[in-house]
Amino acid sequence: MKKAKIEIQGMTCVNCAKHVEKDLANVQGVKNINVNSVMNNATLEAEDNVTEEQLKGAVKTAGYEPVSVEFEAGGSAPSTTSKKPQIKKKHTISDSQKWFTKLVGTWIFTIIIMFLMYFPKITNIELMPMKFMTPMMLILSFPIVFYFGFSTIKKGFRGFLKFYFSMDSLIALGTVIAFLTGFLSFFIEVTDYSGVSGMIMTIFITGKYIEDKAKGRATREIKKLLELGAKKARVLRDNKEIEIEISEVKLGDIIIIKPGEKIPTDGEVIEGESSVDESMVTGESLPIEKTIKSKVIGATINQDGILHIKATKIGKDTFLANIIKLVEEAQGTKVPIQKIADKVTNVFVPIILTLALITTLTWFFISNDLGRSIGVGISVLVIACPCSLGLAVPISLTVGAGMGAKRGILIRKGEAIQTMKEIKTIVFDKTGTITKGKPEVTDIYPKSNQKLILEIAGSLEKLSEHPIARAITKKANLTKYKKVEKFKIIRGKGIEGMIGKKKYLIGHEGLLKDKGISISKLKEKITEFQDKGQTTMIVAEGKKILGIIGVSDAIKKDSVLAISKLNHQGYKTIMLTGDNEKTAQAIAKQVGIKEVISRVLPGDKSKKIKQLQRIGMVAFVGDGINDAPALKQANVGIAIGTGTDIAIEAGDIVLAKGSLTGVVQAINLSKKTFGKIKQNLFWAFFYNVIAIPLAIAGILNPVIAEIAMASSSITVITNANLMRSSKI
């Protein structure tokens, strides 16, 4: 299977998306179709023999314009072996530009219609004989309805032929019937609504233009992400510095980045030191120090030094490209509550068509006034608004996902937003999640002997590749190391070596006991270090102990604050780790977690999550390969974005910044987004419950009805955009 993404023009509501989805489903070999009328695209999976022409043909059959089709090789992550995007070469006019052109054109004619219709009523001055009024209304309304509104009329009546009904079906029927009353008035006594038909179409187009602009604001974060990437790169080719387009950068290229410049692509520093502002992709406000072997992210900004980096990822494999892909996928997913809205909108238009017909016949039966009856029927047609119902969920999800992306919180699956509100228990992996995942020297005893201890330990440990050895060497930070002879690694216990004529040992208690060195005087201090979750390395010169180095996997600076907030919000927090009980309890105590499940084998983590789910909904936060099954098993999996690709792929929510503050923000964002979804659904339902009876009762004339319809959609979109001002 291969994935495909189709950019589509002309969709105006959720029913349009349904039509496209149905026709794409008719293409053999296509499945998992998701059409998003907010993002104006469709994503799907297709067998290898499915062609671009077949997909475009299906979209055209549905009555919409396929702008481009982009294929991607099967699988969850972008690949350098993916087929090149198959994009239409010719220039295409955007939906927004089309709506604006229609907006200007329709209002030129509508202003004249309104002047001719209402000026005589206001001033009692007759502008022309009444016998010329209807022909003039027909002439002025014709270009509005059948030229500027042609695409709406075409799609609307296509719906009647194919039994695919949409908002366009209601507007098309309403405006055409209103227009035809002008001709009908030549033969029988009936109210002429031909001028009103032009006004209805103009208000519809105006509403769609405003709606399109508002939808643009809803998707602006993803647009900003797309604009973040550098356009050019300065690379070394044949020992010469040349500037090339970013698309020409190859894997392994050496790129030179000066202060203030964007880093063109993901890479590794091979020369230079600097600090880099990564806030635009991770949400981290403080610049990150970069030295040789540091990883850098494309689109981030180099601050104060010159960096030479080797390109390690390009194109669709970069971190930024993956973020954009994840956000787009999130904005295209569906929340379970949307099923309710979808069921309503699926039957809404046929019900309104039936209701409009019954209303017209009933009014005619009661009043025997055909013109009045038709006017009421038109009001019912144009006031009904499945658009606001269809927009309520996706527009809120689009804004929420965009807000999250700006802060480095990537909501990969929309259902997580709804599920999150049911979560009662949050389970954390320890290493790399609560802690940094890298050993650090956290204590040295005695402090008075610190310089000598680090000089000796740093010189010996430099010869070892063990993670603890690297931590000690880093802490020592020596400019000149002492010469070590007869260096020996004692597996599982420590190291030994000669400096000058003196023999030194660094290791656990067991090593010193083996060498006959007493540690009784330090037993209390060793226990103290261990109670804090530290690994103790004892440094000895001959038979004399110089001191103790405490090494631990340091807790991330904001883990305590984040877990404190979760506890305060009433969540039950649990640590799940493969570490021993003593170390796990020490870390848990420091961060405020009261329950610890320790010595859990990697394969058993998902089983433990399953056991906890018997009590209630569980979220799991993890970063490693061994966390992937638990992330999948949990009701909501929250993956640390600085962890492994496998863990990230298994998560429902991904935190680009490896901070647990992101967990709190993700929960708050999910709650706010779902709250906004509920608000929008309420207002959409409430509008229809109030508006339709008013139209049936004849209280609203067709023009006012159309204004109300357009306002409801704009209100839903505006309400979703208001979420941006809230803090998470």
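The values are calculated or read from the model by the stated rules, or taken from the named source; none is laboratory data. What you see is a predicted model; the values in this text were computed from it and never measured. Cβ placement follows ideal geometry from the backbone for every residue including glycine, while neighbour counts extend to all protein chains displayed. SASA here: full protein model, heavy atoms, side chains in, ligands and nucleic acids out. Shrake-Rupley method; radii C 1.70, N 1.55, O 1.52, S 1.80 Å.
Overview of values
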item: Scope the range 235-257; condition under 16 Å from GLY298 (Cβ atoms), open to solvent by 20 Å² or more (accessible area, probe 1.4 Å), outside any helix (DSSP H, G or I) and not acidic (Asp, Glu); matching residues; result: LYS250, LEU251, GLY252, ILE254
item: Filtered residues of the range 546-566 (kept if modelled with pLDDT of 90 or more and either among the basic types (Lys, Arg) or out of contact with any strand residue (DSSP E or B) (no Cβ under 6 Å at 6 or more places or on another chain) (or both)); result: SER559, VAL560, LEU561, ALA562, SER564, LYS565
item: Residue count for the range 504-553, restricted to those that are of a type in the set (A, V, I, L, M) and either over 21 Å from ALA471 (Cβ atoms) or open to solvent by 20 Å² or more (accessible area, probe 1.4 Å) (or both); result: 4
item: Helices (runs of 4 or more DSSP H) within the range 337-419 that include 2 or more residues polar (S, T, N, Q) and over 28 Å from LYS162 (Cβ atoms); result: 338-367, 386-406
item: Scope the range 21-41; condition open to solvent by less than 10 Å² (accessible area, probe 1.4 Å) and modelled with pLDDT of 90 or more; matching residues; result: LEU24
item: Members of the range 479-519 found to be hydroxyl-bearing (Ser, Thr, Tyr) and either touching a Ser or Thr at 6+ places or on another chain (Cβ under 7 Å) or within 13 Å of LYS543 (Cβ to Cβ) (or both), listed by number; result: TYR481, TYR504, SER518
item: Number of positions in the range 152-173 that are touching a Ser or Thr at 6+ places or on another chain (Cβ under 8 Å), part of a helix (DSSP H, G or I) and of a type outside the set (Val, Ile, Thr); result: 8
item: Single condition ALA476 does not satisfy, out of (1) closer than 24 Å to THR527 by Cβ; (2) touching a residue at least 12 places away in the same chain (Cβ under 8 Å); result: (1)
item: Residue check, ILE615 outside any helix (DSSP H, G or I), surrounded by fewer than 23 Cβ atoms within 10 Å (Cβ to Cβ) and not acidic (Asp, Glu); result: yes
item: The range 432-461: number of residues that are in contact (Cβ under 8 Å) with a residue 24 or more places away in the chain, in a helix (DSSP H, G or I) and of a type in the set (D, E, K, R); result: 2
item: Filter result (closer than 30 Å to ALA628 by Cα, of a type outside the set (Val, Ile, Thr) and open to solvent by 10 Å² or more (accessible area, probe 1.4 Å)) within the range 433-470; result: LYS436, GLY437, LYS438, PRO439, GLU440, GLU465, HIS466, PRO467, ARG470
item: Residue in the range 570-586 that is farther than 23 Å from ILE667 by Cα, open to solvent by 40 Å² or more (accessible area, probe 1.4 Å), in contact with a Lys or Arg (Cβ under 8 Å, 6 or more places away or on another chain) and not in a loop (DSSP other than H, G, I, E, B) present; result: yes
item: Residue match in the range 313-327 (condition: open to solvent by 20 Å² or more (accessible area, probe 1.4 Å), among the polar types (S, T, N, Q), in contact with a Lys or Arg (Cβ under 9 Å, 6 or more places away or on another chain) and assigned to a helix (DSSP H, G or I)); result: yes
item: Enumeration of residues in the range 94-149 that are touching a residue at least 12 places away in the same chain (Cβ under 8 Å) and acidic (Asp, Glu); result: ASP95
item: Index of the failed condition, PHE165 passing every other in (1) more than 16 Å from LYS98 (Cβ to Cβ); (2) surrounded by 17 or more Cβ atoms within 10 Å (Cβ to Cβ); (3) at pLDDT 85 or above; result: (3)
item: Single residue of the range 394-418 satisfying the filter (among the polar types (S, T, N, Q) and touching a Lys or Arg at 6+ places or on another chain (Cβ under 9 Å)) that is surrounded by the fewest Cβ atoms within 10 Å (Cβ to Cβ); result: THR398
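This table checks each residue for (1) of a type in the set (D, E, K, R); (2) over 19 Å from the mean Cα position of the chain (by Cα); (3) open to solvent by 20 Å² or more (accessible area, probe 1.4 Å).
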| position | (1), (2), (3) |
| --- | --- |
| GLN633 | no, yes, yes |
| GLY641 | no, no, no |
| ASN701 | no, yes, yes |
| ALA705 | no, yes, no |
